[in-house]
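To start, the structure itself, in structure tokens.
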Amino acid sequence: MIKNPKKNSIRIILLVGTIISLYFVPWPLVKAWVKPLPNSVQEQVNAALDMGFDGIIVYVDGPKNDSAHFVAGLKNRANRIPVDQNALFKIASVGKLYYALAIAKLVRSEKLSLDKTLTDYLPELKGRIEYAEQITLKMMVQHQSGIPNYTDTYMYWANPKETADENLALILNKPANFKPGEKYQYSNTNYLLIDRIINKTLGYPTFHYIQKEILDPLNLHHTFGSITNVNIEDVMSGYYVGYDKDLKTENNGSMLATAKDLGKFIRALNDGTVFKDKKEQEIYSAIYEFGHTGLIPGYQTIAKYHADIDTVVIQFTNTVNFEGYLWSLSEIEYNRIVKILRKKSNRNK
């Protein structure tokens, strides 16, 4: 029999390619995804520790005021303090929900207009931010401004700035990422500027407005605007893989909340009780989301409402690695919890 060297070469190439591709398979994600689903939320929460998280808090707010906490791991690694379900957590970009809602309320009361531009509100930025005279407030809320994201600047998280002015300075006089309204691109700079616009319009800090118009009416007394406004011992520690320092004292401008407070807010946002009237609700619906995720060094948050089971699920995990799999693992963990809740809901029908 005469062997075909061309066919053998192809087989060898395919074999080598298969071996190489297997090396790049994200096995931690595959393993977490394919494992049999446990019977209870608590079992799944316990499994998060095997994924590499130091601690996890899950709050479930189901139909008919059926709510529960599920926790595992450590609130503080150094002192081996177990997770406290009432710990405060840095919710990072989830705070944008509150700011977007504040915008909707101020537009409804005609204190702001979605169609006015950045230079209408902050004329000093003309010539400092490209297309500032074309960027509307609505574009900023919806991340369609084209303004560069200050947290994307080189090595930002290695040495984060301490003030809003310092953060803004990182992107001033830089070219836009695109012309306003042409694309969507997430940018924290948008909400830095929104905060500044609200402050200037009201004459007092945005969070004071959020507290008066959103938190107090909902009796949410465990939500705070900054790490400087809380007892540091109430805050869950945060960790970055390969970095020993506890990140809870870092002041990166994040709002903080308990899982229950955040869950009650997400419920009110989705059932409409946070809005003063239908018009206000329509304004918000036209400009922003009803759930969110958040990620900063040491803290990952997922906060969403699941209409099919009428349930809010909040998940806090306090270990982060921007270059690794932990964000994806936190999403897998969250999705598995939701699957367990769906199975339970279907059994109860």
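Is it true that ASP195 is at pLDDT 95 or above and more than 30 Å from ASN173 (Cα to Cα)?
no
Return the residue satisfying two criteria in turn: it lies in the range 318-349 and is closer than 22 Å to TRP157 by Cα, part of a loop (DSSP other than H, G, I, E, B) and not hydroxyl-bearing (Ser, Thr, Tyr), and of such residues it is most open to solvent (accessible area, probe 1.4 Å).
GLU323
Name every residue in the range 178-191 that is part of a loop (DSSP other than H, G, I, E, B) and open to solvent by less than 30 Å² (accessible area, probe 1.4 Å), in order of residue number.
Hits for the range 178-191 are PHE178, PRO180, SER187.
Given (1) touching a residue at least 24 places away in the same chain (Cβ under 8 Å); (2) in a loop (DSSP other than H, G, I, E, B); (3) out of contact with any helix residue (DSSP H, G or I) (no Cβ under 7 Å at 6 or more places or on another chain), identify the lone condition not met by MET139.
Among (1) touching a residue at least 24 places away in the same chain (Cβ under 8 Å); (2) in a loop (DSSP other than H, G, I, E, B); (3) out of contact with any helix residue (DSSP H, G or I) (no Cβ under 7 Å at 6 or more places or on another chain), MET139 violates only (2).
Based on this model, can you work out whether GLU282 counts as farther than 30 Å from LYS105 by Cβ and more than 13 Å from the chain's Cα centre (by Cα)?
Here the answer is no, as GLU282 does not meet what is asked.
Scan (1) modelled with pLDDT of 95 or more; (2) of a type outside the set (Val, Ile, Thr); (3) more than 30 Å from ILE314 (Cβ to Cβ) for the single condition TYR154 breaks and write down its number.
(1)
Only one of ASP244, ASP271 is within 18 Å of PRO160 (Cα to Cα) and either modelled with pLDDT under 95 or open to solvent by 40 Å² or more (accessible area, probe 1.4 Å) (or both). Can you tell me which?
ASP244
Residues of the range 39-72 being touching a residue at least 60 places away in the same chain (Cβ under 8 Å), closer than 21 Å to THR319 by Cβ and of a type outside the set (A, V, I, L, M, F, W, C), which ones?
GLN44, GLY52, ASP54, GLY55, TYR59, HIS69
Any residue in the range 99-116 that is more than 25 Å from ILE287 (Cα to Cα), more than 18 Å from the chain's Cα centre (by Cα) and part of a loop (DSSP other than H, G, I, E, B)?
Checking the range 99-116: not a single residue is more than 25 Å from ILE287 (Cα to Cα), more than 18 Å from the chain's Cα centre (by Cα) and part of a loop (DSSP other than H, G, I, E, B).
Does PHE265 count as modelled with pLDDT of 95 or more, under 19 Å from the mean Cα position of the chain (by Cα), surrounded by 18 or more Cβ atoms within 10 Å (Cβ to Cβ) and of a type in the set (Phe, Trp, Tyr)?
Yes.
Residue by residue through the range 30-87, note down the ones that are of a type outside the set (A, V, I, L, M, F, W, C), out of contact with any Phe, Trp or Tyr (no Cβ under 9 Å at 6 or more places or on another chain) and part of a loop (DSSP other than H, G, I, E, B).
The answer is LYS35, PRO36, PRO38, ASN39, GLY62, ASP66, ASN79, ARG80, ASP84, ASN86.
Kindly evaluate TYR284 against the criterion of being farther than 30 Å from LEU137 by Cβ, open to solvent by less than 10 Å² (accessible area, probe 1.4 Å), of a type outside the set (Asp, Glu) and part of a helix (DSSP H, G or I).
Criteria not met by TYR284.
What number of residues in the range 152-177 are part of a helix (DSSP H, G or I) and either surrounded by fewer than 17 Cβ atoms within 10 Å (Cβ to Cβ) or of a type outside the set (S, T, N, Q) (or both)?
The number of residues fulfilling the criteria is 9.
Tell me which residues, restricted to the range 203-230, are within 12 Å of VAL274 (Cα to Cα) and in a loop (DSSP other than H, G, I, E, B).
Of everything in the range 203-230, those that are within 12 Å of VAL274 (Cα to Cα) and in a loop (DSSP other than H, G, I, E, B) turn out to be ASP216, PRO217, LEU218, ASN219, LEU220.
Show the residue pairs that are 6+ apart or on different chains and have beta-carbon atoms under 6 Å apart, the first residue being within the range 293-322 and farther than 11 Å from GLY238 by Cα, the second being open to solvent by less than 10 Å² (accessible area, probe 1.4 Å) and part of a loop (DSSP other than H, G, I, E, B).
Partner pairs satisfying both residue conditions: GLY294/ILE91; THR301/ILE91; THR311/GLY62.
The values are calculated or read from the model by the stated rules, or taken from the named source; none is laboratory data. Just so it is clear, the model here is predicted, and its values are computed rather than measured. We place every Cβ from the backbone using ideal geometry, glycine too, and count neighbours over all the protein chains shown. Side chains included, ligands, DNA and RNA excluded: accessible areas come from the protein's heavy atoms. Shrake-Rupley method; radii C 1.70, N 1.55, O 1.52, S 1.80 Å.
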